[in-house]
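The values are calculated or read from the model by the stated rules, or taken from the named source; none is laboratory data. This is a predicted model, so every value here is computed, not measured. Reconstructed Cβ throughout: ideal geometry from the backbone, glycine too, with neighbour counts over all protein chains shown. Ligands, DNA and RNA are stripped out before the accessible areas are found, and what is left, the full protein with its side chains, is counted by its heavy atoms. Shrake-Rupley method; radii C 1.70, N 1.55, O 1.52, S 1.80 Å.
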Amino acid sequence: MNNISSAYNDRRLLTYSPAYTVVPTYECFNRCSYCNFRRNPGESPWLSLEEARVRLEAIADRGVIEVLILSGEVHPGSSRRSRWIRHLHDLGQLALDLGFLPHTNAGPLSYEEMAQLKQVNVSMGLMLEQVTPQLLETVHRHAPSKVPTLRLQQLEWAGELRIPLTTGLLLGIGESPGDRRQTLEAIARVQQQWGHIQEVILQPHRPGSRQQEALPGFDDRALPDVVAMARAILPENIRLQIPPNLVAQPDILLACIEAGARDLGGIGPHDEVNPDYPHPAIAQLSEIVEPLGWHLDRRLPVYPAYYRWLTPSLKRAVDRWNGDIGSALPVN
């Protein structure tokens, strides 16, 4: 869609990001009981820049816009921490050099680390998950970086650094409806101060084959109500995202859209966080939403309201993509 103004006025517009995920390492010092992603430190060799280049060059003609650099976490006290951050930076620069737009999600980072990665990312991400400290006694009891105050601090720092950010809630990990409300209210307060949060993901937990402990999946039937609550609490300039591979029933997905979800996230060949749940094809999603008048359109991993925050080199990279596809997003 090249007519930007018409896209802004299309109330029945759903967006998604054509994405490809690069995992620098699966190693992680956290041991969340529901995780299907992590490996123990020392058990996951780091992806080399050479191998990353081979993979990215192989998808150069497949319509991918976003390269999601999704990493397990190297301990802040590790002697390898600074090398890991440099590696994340180099992967972002490689993605840019090959014509993609990088978005990094690597867990909580220091202020200085975020400032370094800002130079090679058009946006970044960190799931807040839930702010209740009670989860530190259950699913997060072996996950030091899941302390809610630590994650809220990063949301604040991202605002100070003018980093366009995606955050979100993980649903069905032992929280109550009141906990969800408190988490949404915490995100709203941060947004009201800094205005840098592009998207909030409402991600239902789905049991996978690699998790350490049995944990039932989130009840899909409650998801539209969570979307409606989020839309009522969060500022309008935050877009609500639902991962369609985690919503098995089309009628539930449509109910979430009618309740206020307007984005379907990164759609690519593989969901690294939920490897048992492949992404649906765009044609399949279109068949679900178009009968009700919804139109699917590609978007960039940075929203137009935040272009002014990008470095000149990042802005040039964004401009090249906008020349190809326009923008499917409203100006906040």
Residues in segment 282-296: is at least one part of a loop (DSSP other than H, G, I, E, B) and in contact with a strand residue (DSSP E or B) (Cβ under 8 Å, 6 or more places away or on another chain)?
yes
Among the residues of segment 190-221, how many are touching an Asp or Glu at 6+ places or on another chain (Cβ under 9 Å), open to solvent by 50 Å² or more (accessible area, probe 1.4 Å) and outside any helix (DSSP H, G or I)?
3
Condition test on V74, is it assigned to a loop (DSSP other than H, G, I, E, B) and either open to solvent by 70 Å² or more (accessible area, probe 1.4 Å) or out of contact with any Gly (no Cβ under 6 Å at 6 or more places or on another chain) (or both)?
yes
Q284 fails exactly one of (1) in contact (Cβ under 8 Å) with a residue 12 or more places away in the chain; (2) of a type in the set (S, T, N, Q); (3) open to solvent by 20 Å² or more (accessible area, probe 1.4 Å), namely (1)
Within segment 238-278, how many residues are in a loop (DSSP other than H, G, I, E, B), of a type in the set (A, V, I, L, M, F, W, C) and farther than 25 Å from P164 by Cα?
2
Tell me, please, whether a residue that is part of a helix (DSSP H, G or I) and open to solvent by 30 Å² or more (accessible area, probe 1.4 Å) can be found in segment 91-104.
yes
Can you name every residue in segment 77-90 that is open to solvent by 10 Å² or more (accessible area, probe 1.4 Å) and under 21 Å from M127 (Cα atoms)?
R81, H89
Restricting segment 53-70 to residues that are over 16 Å from G266 (Cα atoms) and assigned to a loop (DSSP other than H, G, I, E, B), the residue that is most open to solvent (accessible area, probe 1.4 Å):
D61
Would a scan of segment 222-237 turn up a residue that is outside any loop (DSSP other than H, G, I, E, B), modelled with pLDDT under 95 and either of a type in the set (A, V, I, L, M, F, W, C) or closer than 12 Å to G172 by Cα (or both)?
no
Do the conditions hold for I187, that is, is it buried (at least 19 other Cβ atoms within 10 Å of the Cβ) and not in a helix (DSSP H, G or I)?
no
Conditions (1) over 24 Å from R53 (Cα atoms); (2) surrounded by 21 or more Cβ atoms within 10 Å (Cβ to Cβ); (3) of a type in the set (D, E): number failed by E137
(2)
Quick test for you: out of T149, T166, pick the one residue that is closer than 24 Å to R38 by Cβ, crowded, with 23+ Cβ neighbours inside 10 Å, out of contact with any Lys or Arg (no Cβ under 6 Å at 6 or more places or on another chain) and of a type in the set (V, I, T).
T166
Of the criteria (1) out of contact with any Lys or Arg (no Cβ under 7 Å at 6 or more places or on another chain); (2) free of Cβ contacts under 8 Å to residues at least 40 places away in the same chain, which one G260 fails:
(1)
Starting from segment 59-72, keep only residues that are under 24 Å from N36 (Cβ atoms), then list their pairs with residues that are crowded, with 20+ Cβ neighbours inside 10 Å and basic (K, R) whose Cβ atoms are within a distance under 6 Å, requiring at least 6 positions of separation or different chains.
G72/R38
